[in-house]
Amino acid sequence: MTTPTIELKPSANPLAAAEREAILTSPGFGRHFTDHMVTIKWTEGRGWHDAELVPYAPLSIDPANMTLHYSQTIFEGLKAYRQPDGTVATFRPEANAERFQASARRMAMPELPTELFIAACDALVEQDRAWVPSSGEASLYLRPFMFASEVGLGVRPANEFLFMVIASPAGAYFPGGVKPVSVWLSEDYVRAVKGGTGAAKTGGNYAASLVAQAEAASHGCDQVVWLDAVEHRWIEEMGGMNLYFVYGDRIVTPSLTGSLLPGITRDSLLTIARDLGYTAEEGRISTEDWKRDNENGTLTEVFACGTAAVITPVGSVKSKGADWTQGNGEPGEVTMKLRKALLDLQTGRSEDAHGWMHPLG
Ligand SMILES: *Cc1c(COP(=O)(O)O)cnc(C)c1O
């Protein structure tokens, strides 16, 4: 089986420049999509085929499409940033390609080769480069995904899949300045358990999270914090982001136990923090540790990290039996330093010491 090349079939009538510019002045998140999309098919016995870039358009879905019933589907999220010289670059796309393969293995789906994953993202960004915002922290968010496209109600891995990439301009996550979030410790609902699908980027994990997110909101909190599914005490992650605990100049993130999503931002920060002279490690932190260490002042800051929001400080914590302000409730110094270091790298304002940027010209 050979790796297909992506055939370019661009739109004859892309959105007018003035309309596109109007969207780019205030894109929000995930509300507007660019002019094109990439689609690649996989069929049992044939492998990957029919790779093409085509005008963005709805799909026609059979009511018995297997994904609608059994959720054999995975996704990724990465960003293209405008660089100071006007070119565009994505951040660590190989890491997304590798995680996509790991998610595919867990979900009994075919693995898309790294070079085809990156070629698909590159083709879309190059075609729709005018959609990459040039202001500050704004970016073009890329959403690669794959789902079972076979029709039928038998429960088994599908023998046909569709891989796609779509793109959506994303504004700065905090247009009015970085604002800490309030979090709810979810003691009744769990996100994932060892042996389950928590380490795969699959839609079902999100579907299962929505009721807990609604519970967090009903307690006045912005986000839910997931605890381990067995003892309900060990901190795992926050909504769709990983967490970091700052102890002075030592930062600690929960270890990848098999139920956490291995974030690329999380991984990048372990390195960036060390570059800046901090000690960065993986470890175990319980809800009691969090409360006690905040009270005795050793836990100085807590923040969440992920591609969409980069770094978000945690300002307050609530659970069934407790309620506290994290530090003084304001964004911490280490949090803001790391946030700036990561954004400077992604937007090309600092040296790419680790070869993480993927330039697109
Ligand atoms: C995608 C995701 C993250 C963050 O991963 P990044 O690669 O840093 O964007 C964290 N937790 C969950 C549940 C996720 O789906």
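The figures follow:
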| read-out | value |
| --- | --- |
| Neighbour-count order for Phe117, Phe303, fewest beta carbons within 10 angstrom listed first | Phe117, Phe303 |
| Contact order normalised by residue count of the chain, Cα under 8 Å, 6+ apart, percent | 18 percent |
| Highest-MSF residue in the chain out of Ala273, Ala309, Ala57 [GNM, Cα springs under 10 Å] | Ala57 |
| Whole-number D in µm² s⁻¹ for segment 145-237, Kirkwood Cα-pair radius fed into Stokes-Einstein, 37 °C, 0.692 mPa s | 202 µm²/s |
| Cα-based Rg and Dmax for segment 181-346, where Dmax is the largest Cα-Cα distance (Å) | 14.7, 41 |
| Contour minus Cα-Cα distance for Arg105 and Ala16 (0.36 nm per residue) | 27.9 nm |
| Degrees, to the nearest 10: 93-106 long Cα axis against longest axis of the chain | 90 degrees |
| Ellipticity estimate at 222 nm from DSSP helix runs (n ≥ 4, -39,500 (n - 2.57)) divided over the chain, nearest 500 | -8000 deg cm²/dmol |
| DSSP-defined beta bridges in segment 181-346 - what % are antiparallel, rounded to 5 | 60 percent |
| Peptide ranges 259-267, 320-328 listed from the most packed, as the mean C-beta count within 10 angstrom indicates | 259-267, 320-328 |
| Equivalent ellipsoid dimensions for segment 7-170 as semi-axes, Å, which come from the Cα gyration tensor, largest first | 29, 17, 14 |
| Relative contact order (%) - criterion: Cα under 8 Å, at least six apart; region: segment 40-92 | 16 percent |
| Volume per residue of the C-alpha convex hull in the chain, rounded to whole Å³ | 144 Å³ |
| Segments 22-33, 155-166 sorted - mean Cβ within 10 Å per residue, highest first | 155-166, 22-33 |
| Of Thr325, Ala200, Tyr173, farthest towards positive along the dipole that unit charges on Lys, Arg, Asp, Glu beta carbons give the chain | Thr325 |
| Between segment 319-337 and segment 63-130, the alpha-carbon center distance in angstrom | 34 Å |
| Nearest 10 degrees, 0 to 90: helix 114-127 Cα axis against the chain principal axis | 80 degrees |
| From phi via Karplus (6.51, -1.76, 1.60), per-residue ³J(HN,Hα) for segment 70-79 in Hz, x at Gly/Pro | 10, 6, 7, 8, 9, 8, 9, x, 8, 10 |
| Nearest-ten-degree value, helix 333-346 long axis tilted from longest Cα axis of the chain | 20 degrees |
| Gaussian network model of the chain, springs between alpha carbon atoms under 10 Å - residue of Thr90, Thr312, Thr287 with greatest fluctuation | Thr287 |
| 13 Å cut-off, amide nitrogen to a point 7 angstrom out along Glu98 Cα→Cβ, residues in segment 247-282 | 262-265, 267-268 |
| Rel. contact order, % - alpha carbon contacts under 8 angstrom, at least six apart, segment 7-170 | 33 percent |
| Formal net charge of residues neighbouring Ser350 (Cβ-Cβ distance under 11 Å; K, R +1; D, E -1) | -2 |
| Thr5/Leu59 FRET efficiency (R0 25 Å; Cβ-Cβ; nearest 0.05) | 0.65 |
| Peptides ranked, highest mean first, by Cβ atoms within 10 Å: ranges 205-218, 177-190, 122-135 | 122-135, 177-190, 205-218 |
| Alpha-carbon centroids, segment 256-316 and segment 28-57: separation in whole Å | 35 Å |
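Bear in mind these aren't lab numbers, they're just calculated from the coordinates by the rules spelled out. In this text, all values refer to a predicted model and were calculated from it rather than measured experimentally. All Cβ positions, glycine included, derive from the backbone under ideal geometry; neighbour counts span all protein chains shown.
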